[in-house]
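Rule-based calculations on the coordinates, nothing more; no lab input. From a predicted model like this one, the values you see are computed outputs, not experimental measurements. Counting neighbours? That spans all protein chains shown, and the Cβs are built from the backbone with ideal geometry, glycine included.
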């Protein structure tokens, strides 16, 4: 089905070409993140886009599994208000919208966990995000250097059921 091709073709990309991502694409991706669903329409997020090479290196160095952030053209960050009951679900919805928008624009991207990670506070401080917010996810993105092989996914039958299990 061509309507869902973007979702079905998305995979994690960790190697990026040196080519910068045009500003209009970054703006559109931020817009897609902003339009994610949220509980009670609270929209508890702040969504950033870091492009400064030094800052990307600092973000990469702070993480445990995101060293490749330093090579990305842009790194999106999703923060949500700590006190909101569904901050994590809301932030994950915004993150998924960002990943899907990257795929739709021909960019490679990868979800890097932020919530409950030891570096979340360091990233918040690096990006000057207010204390009321906590990091949910980082999404480095750029034009893919090479097509990475899709990981084997479980079959539909293995992970779904109808009516009852």
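Yes or no: residue 48 under 27 Å from residue 17 (Cα atoms) and touching a residue at least 24 places away in the same chain (Cβ under 8 Å)? Let's see the steps before the verdict.
On the way: under 27 Å from residue 17 (Cα atoms): yes; touching a residue at least 24 places away in the same chain (Cβ under 8 Å): yes.
In short, yes.
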Considering residues that are over 14 Å from the mean Cα position of the chain (by Cα) and either in a helix (DSSP H, G or I) or surrounded by 19 or more Cβ atoms within 10 Å (Cβ to Cβ) (or both), the number found within region 82-103 is 2
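With 61, 24 as the choices, which residue is over 16 Å from the mean Cα position of the chain (by Cα), assigned to a helix (DSSP H, G or I) and within 20 Å of residue 116 (Cβ to Cβ)? Please lay out each step first, then the result.
Numbers: 24 fails: within 20 Å of residue 116 (Cβ to Cβ).
Checking each option against the conditions leaves just 61.
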Per the filter on region 39-58, residues crowded, with 19+ Cβ neighbours inside 10 Å and assigned to a loop (DSSP other than H, G, I, E, B) are 44
Being free of Cβ contacts under 8 Å to residues at least 60 places away in the same chain, closer than 24 Å to residue 25 by Cβ and either buried (at least 23 other Cβ atoms within 10 Å of the Cβ) or in contact with a strand residue (DSSP E or B) (Cβ under 9 Å, 6 or more places away or on another chain) (or both) narrows 68, 79 down to just 79
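Could you tell me which of the residues 146, 121 is surrounded by fewer than 23 Cβ atoms within 10 Å (Cβ to Cβ) and outside any loop (DSSP other than H, G, I, E, B)? Outline the logic, then answer.
Working: 146 fails: outside any loop (DSSP other than H, G, I, E, B).
Matching residue, one of 146, 121: 121.
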Across (1) in contact (Cβ under 8 Å) with a residue 60 or more places away in the chain; (2) surrounded by 19 or more Cβ atoms within 10 Å (Cβ to Cβ); (3) more than 23 Å from residue 3 (Cβ to Cβ); (4) in contact with a helix residue (DSSP H, G or I) (Cβ under 7 Å, 6 or more places away or on another chain), residue 135 clears everything bar (1)
